[in-house]
1. Between a first residue in region 299-323 that is in the same structural domain as Arg271 (by TED's automatic domain parsing) and a second residue that is in a helix (DSSP H, G or I) and modelled with pLDDT of 95 or more, which pairs have beta carbons less than 7 Å apart while being 6 or more apart in sequence or on different chains?
2. Somewhere in region 319-329, is a residue modelled with pLDDT under 85 and either crowded, with 20+ Cβ neighbours inside 10 Å or under 22 Å from Ile31 (Cβ atoms) (or both)?
3. Of all helices (runs of 4 or more DSSP H) completely enclosed by region 353-426, which ones contain at least 2 residues that are touching an Asp or Glu at 6+ places or on another chain (Cβ under 9 Å)?
4. Take the residues in region 215-263 that are among the β-branched types (Val, Ile, Thr) and within 21 Å of the chain's Cα centre (by Cα), then tell me which one is modelled with the lowest pLDDT.
5. Does Leu337 fit the bill of being buried (at least 18 other Cβ atoms within 10 Å of the Cβ), at pLDDT below 90 and within 20 Å of Leu77 (Cβ to Cβ)?
6. If you go through region 58-112 one residue at a time, how many are charged (D, E, K, R) and farther than 19 Å from Ile31 by Cβ?
7. Can you name every residue in region 451-474 that is over 19 Å from Gln60 (Cα atoms) and either in the same structural domain as Glu306 (by TED's automatic domain parsing) or surrounded by 14 or more Cβ atoms within 10 Å (Cβ to Cβ) (or both)?
8. Provide a single number: the residues in region 264-292 that are more than 18 Å from the chain's Cα centre (by Cα) and either in contact (Cβ under 8 Å) with a residue 60 or more places away in the chain or surrounded by fewer than 12 Cβ atoms within 10 Å (Cβ to Cβ) (or both).
Amino acid sequence: MHPGFDIDSRAVNIGRLQRERFDVLVVGGGINGAGIARDLALRAHDAGRDLRVGLIEKRQFSSGTSGRNSQLIHGGLRYLKNFEFGLVREALRERATLLRIAPHLVEPLPLLIPYYSWSDRLLYGTGLAIYDHLAGGDNIARRRPLGRSEVAALEPDLAREGLVSGAIFYDCRVHSARLVLENIADAARLGAVVANYVEAKGWREDGEGYTVSAVDVLTGADFLIRTRLLADARGPWEDGGGLRLVRGSHIIVPRLTRSRNAIASFGADGRIIFVIPWGQKDSVSLVGTTDVDHAGTPDDVRISSEEVNYLMAAIRRLFPAFTEREPLAAYSSLRPLVADGAGSATDASRKHAIRMENGILRISGGKYTTYRAMAEEAADLLMPETRGACRTAVRPLGGGRSEALRERIGPVAYAVRHEMAQRLPDVVFVSTYAGHERRLDREALLDTAREMADLLSWSPERVEEEIELTLRIARLP
């Protein structure tokens, strides 16, 4: 279904990575790496050029920051308080683009913002008016002011004390990991050579570019990849300096809202809390996010008990009848922000930085929503002769054609056969998000693990190892 991105492709592609010399090797299979690989492959395809593009990722594609965010494609309403109008306008423009090219993954989402003081009404009402103005012709729908009784009718469980009024505005919801996978699938269709569970251990100049020391994480086999240019899109793992690693965490709880609206609420600390309908048939609520400077390594990212308590307290303020003592599930990721000297993690800018030095492109900062525009900027630097030839804003992402197949053979078989899923967490946390919708235990994972075992020839011992790994990832603090 996806040439170069199916159950047999990984071994073939690793062989090609060893044998061939590439023009550009993209290191990192999150949204930025996926977008860059797709843009480069499309430009080469359109020009009829034999440009060899490779993409490697040390785990499953989109298993890091890109798949563990707020699941929103949004302009960034909260960035208006820092007067980042250009960032918000670009994000709103890209939101409209993604609605056009990936309507099967990106869908309009109404958000209810309740006002608990007249000053909130003035401040955030003005912000929404600016939001509408910046969206211009790219707007989904204009904001709609609501009276106190209308807010209460829409969400009768929402806190009433101090409630003044509210408004509905629009952004978009996305299955963020699947959007990454669709970008990689399209890059592979266009000729890019992609492989997951391949880690770049380092690289050195070789006179014609770079030789990358790589390892097949699943087998332990070391090999070399030769490339003329490198695109370092490892996100938090990028070691070029100048990054501020900010942890963002989310929890999943039983469904909180009655209407189809999400909730966006600003706390006294200036952070915005989203309550988003999520899961199969919107049966649960996704609640986030936090902004915490991360002191550990990028491989050591877990939600803290303090973050759980912060988010549970935010829920209780908004929904006083909420009585759950702990979330169903939780996840965390690191935002690799540009270090701009901001005092708090919340105030750190989401602007991006792209630089090209000695044949290595490095990308940091930015927002998930603007990945396509950042990839276009990166591709212009890597292939300056094709500047102005980018078509990623108009070429549809083709995953909608695969949804019928996914329904027919099931999400587990589809993930293994058509998305290079190699391990149980790849299916549970990336391809399906089942692990982000409910409490996991061995029984809940056993059928999925056995189905993967049939497809990948796992032993009974391997099945148990995969279940234990998945439960460790899902464990709450």
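The values are calculated or read from the model by the stated rules, or taken from the named source; none is laboratory data. Every value quoted in this text rests on a predicted model; they were computed, and no experiment measured them. Positions of Cβ are backbone-derived with ideal geometry, glycine not excepted, and every protein chain shown enters the neighbour counts.
1. Filtered contacts from region 299-323: Phe322/Ile315; Phe322/Arg316.
2. No - not one qualifying residue is present in region 319-329.
3. Values: elements: 371-382, 403-409, 411-418.
Here the list reads 371-382, 411-418.
4. Filtering region 215-263 for residues among the β-branched types (Val, Ile, Thr) gives 215, 217, 219, 225, 227, 246, 251-253, 257, 263.
Adding the requirement that they be within 21 Å of the chain's Cα centre (by Cα) leaves 246, 251-253, 263.
Details: Val246: 90, Ile251: 98, Ile252: 97, Val253: 98, Ile263: 98.
So the residue we want is Val246.
5. Yes, satisfied.
6. Our first condition is that a residue be charged (D, E, K, R); within region 58-112, this holds for 58-59, 68, 78, 81, 84, 89-90, 93-95, 100, 107.
Those left that are additionally farther than 19 Å from Ile31 by Cβ: 78, 81, 84, 89.
The number of residues fulfilling the criteria is 4.
7. The one that is over 19 Å from Gln60 (Cα atoms) and either in the same structural domain as Glu306 (by TED's automatic domain parsing) or surrounded by 14 or more Cβ atoms within 10 Å (Cβ to Cβ) (or both): Glu464.
8. 12
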